[in-house]
Structures are given as C-alpha cells and as structure tokens.
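Structure, as structure tokens:
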Amino acid sequence: MTLPILRRRHILLGSSATLLPLSSLRAEMLAPTPRQTEGPFYPTGFPADMDNDLVQVRGQQAQAMGEVLHLKGRVLGVDGRPLSGTLVEIWQCDARGIYDHPRQPGRDRRDAAFQGYGRIMADAQGLYSFRTLKPVAYPGRTPHIHLKAASGDGRLLTSQFYIAGDPQNERDGIFRAAARQPGQRERIEMKLAPAPGVEAGALATDMDIVIG
Ligand SMILES: [Fe+2]
C-alpha cells in the first residue's frame with residue numbers, strides 16, 4: 001500500500017537541538033486523516049448489537065439491503081506506528097438513505113436489518129475491520145461513511161470516508177473541504193474492488209486511519 005507522506009523540513013535531535021538540513025536527514029510523516037464534521041446523525045442511543053458486522057443484526061434472519069462492503073485498515077499515528085487499542089466507530093444510512101436517528105425524517109421506513117452503527121477496538125497491529133454497506137447518497141450529500149477513532153492516549157478523530165471517483169463528490173462541500181490536499185484526498189477516498197475471496201458479491205476496501 002502506498003502512503004502519502006509529509007516531509008519535515010528539519011529535525012531536532014536530542015538536547016543539543018542540532019538542526020539538520022533537509023538533505024541530510026528526512027523523517028517521513030504520514031498525512032493525517034482530515035477532520036470532518038460529525039454531522040447530525042451520530043447515535044443518540046446505541047443499538048443492542050453494535051459489533052463490527054453492520055449487515056447482520058444479532059437475532060435477525062434477514063440481512064441488510066444493499067451492497068456489502070468490507071472496510072478494513074490500520075489505525076496509525078503520523079509516525080506510522082500502529083495505535084493499538086483505538087476504538088473505531090462507524091455509522092451510516094441504510095440502502096434507502098435513512099439513518100436510525102430521531103432527527104431522521106421517515107425513520108420508520110428504515111431497514112431494520114441494517115445495524116447502522118458499529119464499533120471495534122483496533123488490535124495489537126492497529127488493525128480494524130467492518131462488514132458494512134457500500135454507502136449511498138441522500139439528499140444534499142454524496143455517499144459517505146462516518147467514523148470516529150479514539151486512541152488510548154486520548155486523541156480523537158472524527159471524519160468521513162467517500163467512494164473514490166463518485167461524480168457527486170465534487171459537488172459535496174464537506175468532501176471538497178476535506179480533499180484540498182492530495183495526501184488528504186487519499187485518506188478519505190475508498191477505492192472499492194470486488195472481493196470474491198472474502199465474500200461472494202461483496203466489495204472491499206483498505207483505508208488506514210491516521211490520527212494526527
Ligand atoms: Fe451523513
């Protein structure tokens with residue numbers, strides 16, 4: 001996987017604070033995932049089932065409507081070290097564009113087989129994974145998945161992921177603001193690919209979350 005980098009102009013070393021020029025030493029820093037608005041639909045109450053499989057609600061036969069997407073990656077600091085133990089949350093609307101939220105008009109028409117929210121703790125390597133849906137548009141927004149990541153050392157990132165190449169992205173003000181820099185764009189655009197080895201008919205994407 002290629003990772004966008006930011007380069008520090010200088011590095012301070014030790015107590016002597018020796019200033020080394022760019023040409024003599026480079027520290028490669030990862031571009032952080034851009035911070036974006038939480039939006040109005042973060043859950044006011046959590047579902048009974050809030051595991052990392054949003055497509056299947058525990059105790060229900062039906063699977064959620066929509067295209068299954070396996071979303072996974074690592075949670076990293078800008079220095080590239082895995083941030084194990086980070087709590088990663090995602091939430092999104094169902095295949096009809098309806099959130100499970102009191103502020104959602106037509107909430108009663110939502111797909112009750114879609115969990116809508118899920119969470120997982122990143123493992124020792126910083127890995128997280130979700131089985132969820134390819135996001136769909138709703139009025140005023142391009143398709144997106146909301147996320148929050150809370151690291152063990154108290155850092156919190158709120159952001160959103162989008163579908164790379166979706167023509168609606170460029171008309172979405174939140175996307176445009178978050179994608180100004182090339183390194184940031186790569187952090188929020190999900191490149192979707194079929195994943196027959198993971199699940200027949202499903203899509204997969206690999207998205208590292210970099211907390212600055
Ligand atoms: Fe949203």
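Might you check whether a residue that is within 13 Å of the ligand (Cβ to nearest atom), part of a strand (DSSP E or B) and among the β-branched types (Val, Ile, Thr) occurs anywhere in the stretch 154-172? Yes, there is a match, as at least one residue in the stretch 154-172 is within 13 Å of the ligand (Cβ to nearest atom), part of a strand (DSSP E or B) and among the β-branched types (Val, Ile, Thr).
Between Gly106, Gly59, Gly118, which is over 21 Å from Arg187 (Cβ atoms) and within 16 Å of the ligand (Cβ to nearest atom)?
The unique qualifying residue is Gly106.
Restricting attention to the stretch 154-203 and to residues that are within 17 Å of Arg35 (Cα to Cα) and among the basic types (Lys, Arg), the residue that is surrounded by the fewest Cβ atoms within 10 Å (Cβ to Cβ) turns out to be Arg180.
In the stretch 39-62, how many residues are surrounded by 14 or more Cβ atoms within 10 Å (Cβ to Cβ) and either of a type outside the set (A, V, I, L, M) or part of a strand (DSSP E or B) (or both)?
Taking the stretch 39-62 as the starting set, the residues that turn out to be surrounded by 14 or more Cβ atoms within 10 Å (Cβ to Cβ) are 39, 41-43, 47, 49-57.
If we keep only those that are either of a type outside the set (A, V, I, L, M) or part of a strand (DSSP E or B) (or both) too, we end up with 39, 41-43, 47, 49, 51-53, 56.
The number of residues fulfilling the criteria is 10.
Inspect the stretch 179-190 for any residue being in a strand (DSSP E or B) and within 16 Å of the ligand (Cβ to nearest atom) and give the result as yes or no. For the stretch 179-190, residues in a strand (DSSP E or B) and within 16 Å of the ligand (Cβ to nearest atom): present. Residues in the stretch 87-103 that are in contact with a strand residue (DSSP E or B) (Cβ under 7 Å, 6 or more places away or on another chain) and part of a loop (DSSP other than H, G, I, E, B) were compared, and the one that is farthest from the ligand (Cβ to nearest atom) is Ala95. Within the stretch 121-153, the set of residues being within 14 Å of the ligand (Cβ to nearest atom), in a loop (DSSP other than H, G, I, E, B) and hydrophobic (A, V, I, L, M, F, W, C) comprises Val136, Ala137.
Read the figures in this text as sums done on the coordinates, not as results from a lab. Just so it is clear, the model here is predicted, and its values are computed rather than measured. When we count neighbours, we look across all protein chains shown, and the Cβ atoms used for this are built from the backbone with ideal geometry, even at glycine.
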